[in-house]
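Below is one structure, written out as structure tokens; comments come after it.
The values are calculated or read from the model by the stated rules, or taken from the named source; none is laboratory data. No experiment lies behind these values; they were computed from the predicted model shown. Reconstructed Cβ throughout: ideal geometry from the backbone, glycine too, with neighbour counts over all protein chains shown.
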Amino acid sequence: MQNKTLSKNSTAIKSYLAVFILLTWRQLSLIIINKSLDEIEVMHIELVLYALFYISTILCSLFVSIFSEKTGKRLFMRLWTAIAIISSLVFIVFVAFNGRTLGSVIFSLFSGISVGMGIPICFASFADYTRVENRGRIGAFLFFLTSLFFALLISLSNIFSELAFSIFSIILLTIILLFSRDWREINKSKVAFPSVIRSGPFLSYFSAWCIYCFIDAFEAPLLQHFLDVYFGEAFMRFILSLMTLFASFSMLIAGFLADFRGRRNLLIYGFVMSGIAYVTVGIAAVHRVAWYLFSIVDGIATGFFLVMFIFTIWGDLSLGRSNEKYYAIGTAPFFFINFIKELFIPYLEMIPVSASFSLASFFLFLAVIPLLYAPETLPEKLIRRRELKKYVEKAKKIREKYEKQKED
């Protein structure tokens, strides 16, 4: 019995590590692509590389979520890491023989395929080895660690070349490839795509998530452009760093609140906060104080959204069934918005800033409506049990204090 428990805990840790390495591999891929673009002088190559990466990520994620139910997770766990390692090796070979452009194209395509394969497998395993009452906290901690590691990678990107990052990727991915040999799987009932898409709770959360991703895709490049032009690049980078800092630490807060107070209300507060942040800069875009306030409030809201919509909600909604399809569909907007951002950049100067921010706030407030009809995914009895436990502990302390005063 004890050996069985240890084996289960070991697999749980491996599933958490797999998610961490998958998200890190995604960031490493983007760093390698970005650094390669500095050395390539081909028209529209940037759009081609990003299109290959993001579209292949989404398509492969949906593909694997279907076939993993038939073949099992272990095969695809090995496959995505193997493809990732091979894509890094191929990139190194092409760069070494002065074929950077073709090597970058191949790397963008196959690194996107590997990330797409890993998404439903790694996140489904994460959901399998977490419970509804601790999924928010564990997901928040993993995302927080990933954010810290990503910040370290960004700081090192000015020192090391893309070849160094490729070699580091191979070492990191080999760890998961070795772990996948004894990967334990949990058999669950299958679920079809139509039943996922037609689900009322899923549509409520997914529509709110899509609205946020849509706003972020169009507003983020405009925000950076406006700050760069009006206040300068230094202030723009400071605001972005401040947003990232508050988003990273608010993830931890979101994890605890989600597990103790529920998911739905936390998301509603997040959308209201983000809407207020955009209203503020829409009214006072030329004042630095407004941007300080925006970076803090919107950063906190972003941390809420990332933990809930990447790690938590889709595992909750699967209700113990096979959850690869929930994560494949649910995380798709997060990976798609980055490609939309690249398409939107050439048209930044054509859009009035104040009108754009005001429109963003309207849609963010609008996103609250489907959440009002969405059910709470944290069981009500669990919330009540914790409230009762807290009440009993408080009553016990009062009683002990009263008895002590009585004895004196």
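Would you check if there is a residue in region 135-155 being without any contact (Cβ under 8 Å) to a residue 60 or more places away in the chain, among the polar types (S, T, N, Q), in the same structural domain as Leu23 (by TED's automatic domain parsing) and surrounded by fewer than 18 Cβ atoms within 10 Å (Cβ to Cβ)?
Scanning region 135-155 turns up at least one residue that is without any contact (Cβ under 8 Å) to a residue 60 or more places away in the chain, among the polar types (S, T, N, Q), in the same structural domain as Leu23 (by TED's automatic domain parsing) and surrounded by fewer than 18 Cβ atoms within 10 Å (Cβ to Cβ).
Does region 381-389 contain at least one residue that is out of contact with any Pro (no Cβ under 7 Å at 6 or more places or on another chain), at pLDDT 85 or above and assigned to a helix (DSSP H, G or I)?
Of the residues in region 381-389, the ones out of contact with any Pro (no Cβ under 7 Å at 6 or more places or on another chain) are 381-389.
Then drop every residue that is not at pLDDT 85 or above, which leaves none.
Checked region 381-389: no residue is out of contact with any Pro (no Cβ under 7 Å at 6 or more places or on another chain), at pLDDT 85 or above and assigned to a helix (DSSP H, G or I).
For region 32-63, name all the residues that are closer than 14 Å to Gly112 by Cα and surrounded by 20 or more Cβ atoms within 10 Å (Cβ to Cβ).
Answer for region 32-63, where residues must be closer than 14 Å to Gly112 by Cα and surrounded by 20 or more Cβ atoms within 10 Å (Cβ to Cβ): Ile32, Ile33, Leu49, Tyr50, Leu52, Phe53, Tyr54, Ser56, Thr57, Ile58, Cys60, Ser61.
Could you tell me whether any residue of region 140-153 is part of a helix (DSSP H, G or I), touching a Leu at 6+ places or on another chain (Cβ under 8 Å) and within 17 Å of Ser36 (Cβ to Cβ)?
Yes, there is a match, as at least one residue in region 140-153 is part of a helix (DSSP H, G or I), touching a Leu at 6+ places or on another chain (Cβ under 8 Å) and within 17 Å of Ser36 (Cβ to Cβ).
One line per residue, one yes/no per condition, for (1) aromatic (Phe, Trp, Tyr); (2) assigned by TED's automatic domain parsing to the domain that holds Gly118; (3) closer than 30 Å to Ser68 by Cα:
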{"position": "Val272", "(1), (2), (3)": "no, no, no"}
{"position": "Ala285", "(1), (2), (3)": "no, no, no"}
{"position": "Ala290", "(1), (2), (3)": "no, no, no"}
{"position": "Phe294", "(1), (2), (3)": "yes, no, no"}
{"position": "Leu306", "(1), (2), (3)": "no, no, yes"}
{"position": "Ile329", "(1), (2), (3)": "no, no, yes"}
{"position": "Ser356", "(1), (2), (3)": "no, no, no"}
{"position": "Ala367", "(1), (2), (3)": "no, no, no"}
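Got a sec? Which of Ser125, Ser87, Ser65, Ser108 is out of contact with any Phe, Trp or Tyr (no Cβ under 7 Å at 6 or more places or on another chain) and farther than 16 Å from Phe20 by Cα?
Numbers: Ser125 fails: farther than 16 Å from Phe20 by Cα; Ser87 fails: out of contact with any Phe, Trp or Tyr (no Cβ under 7 Å at 6 or more places or on another chain); Ser108 fails: out of contact with any Phe, Trp or Tyr (no Cβ under 7 Å at 6 or more places or on another chain).
None of the other options fit; the residue is Ser65.
In the list Val48, Val115, Val42, Val95, which residue meets the criterion of being over 20 Å from Leu23 (Cα atoms) and touching a Leu at 6+ places or on another chain (Cβ under 8 Å)?
So the residue among Val48, Val115, Val42, Val95 that is over 20 Å from Leu23 (Cα atoms) and touching a Leu at 6+ places or on another chain (Cβ under 8 Å) is Val95.
Filter region 314-346 for residues that are closer than 17 Å to Pro375 by Cα and buried (at least 19 other Cβ atoms within 10 Å of the Cβ) and give the result.
Listed by number, the residues that qualify are Trp314, Gly315, Asp316, Leu317, Ser318, Tyr326, Gly330.
Just to be sure before I move on: is Ile92 over 29 Å from Leu378 (Cα atoms), surrounded by fewer than 21 Cβ atoms within 10 Å (Cβ to Cβ) and modelled with pLDDT of 90 or more in the structure I sent?
Considered against the rule, which asks whether it is over 29 Å from Leu378 (Cα atoms), surrounded by fewer than 21 Cβ atoms within 10 Å (Cβ to Cβ) and modelled with pLDDT of 90 or more, Ile92 comes out as no.
Can you tell me how many residues within region 237-283 are buried (at least 21 other Cβ atoms within 10 Å of the Cβ), closer than 22 Å to Ala374 by Cα and among the aromatic types (Phe, Trp, Tyr)?
Adding up the residues that qualify gives 1.
When the residues of region 276-325 are filtered to those that are among the small types (Gly, Ala, Ser) and more than 18 Å from Leu242 (Cα to Cα), which remaining residue is modelled with the highest pLDDT? Even if it seems obvious, please write down each step before you answer.
If we filter region 276-325 for residues that are among the small types (Gly, Ala, Ser), which is where we start, we get 277, 282, 284-285, 290, 295, 299, 301, 303, 315, 318, 320, 322.
Now restrict to residues that are more than 18 Å from Leu242 (Cα to Cα): 282, 284, 315, 318, 320, 322.
Values: Gly282: 84, Ala284: 84, Gly315: 89, Ser318: 85, Gly320: 75, Ser322: 78.
In this case the residue turns out to be Gly315.
Among what's in region 284-296 and is within 28 Å of Thr312 (Cβ to Cβ) and in contact with a Ser or Thr (Cβ under 8 Å, 6 or more places away or on another chain), pick the residue that is surrounded by the fewest Cβ atoms within 10 Å (Cβ to Cβ).
Leu293
Scan region 165-185 and tell me whether some residue there is acidic (Asp, Glu), modelled with pLDDT under 90, under 22 Å from the mean Cα position of the chain (by Cα) and in a helix (DSSP H, G or I).
No, that holds for no residue.
Check whether at least one residue in region 94-113 is assigned by TED's automatic domain parsing to the domain that holds Gln27, in contact with a Lys or Arg (Cβ under 6 Å, 6 or more places away or on another chain) and in contact (Cβ under 8 Å) with a residue 12 or more places away in the chain, and report yes or no.
No, every residue in region 94-113 fails to be assigned by TED's automatic domain parsing to the domain that holds Gln27, in contact with a Lys or Arg (Cβ under 6 Å, 6 or more places away or on another chain) and in contact (Cβ under 8 Å) with a residue 12 or more places away in the chain.
Does any residue of region 43-50 turn out to be touching a Phe, Trp or Tyr at 6+ places or on another chain (Cβ under 9 Å), in a helix (DSSP H, G or I) and at pLDDT 85 or above?
yes
If you scan region 255-294, which residues turn out to be assigned to a loop (DSSP other than H, G, I, E, B) and basic (Lys, Arg)?
Of the residues in region 255-294, the ones assigned to a loop (DSSP other than H, G, I, E, B) are 262-263, 284-287.
Listed by number, the list holds a single entry, Arg263.
Would you check which residues across region 299-324 are hydroxyl-bearing (Ser, Thr, Tyr) and more than 16 Å from Cys213 (Cα to Cα) and list them?
Scanning region 299-324 gives Thr312, Ser318, Ser322.
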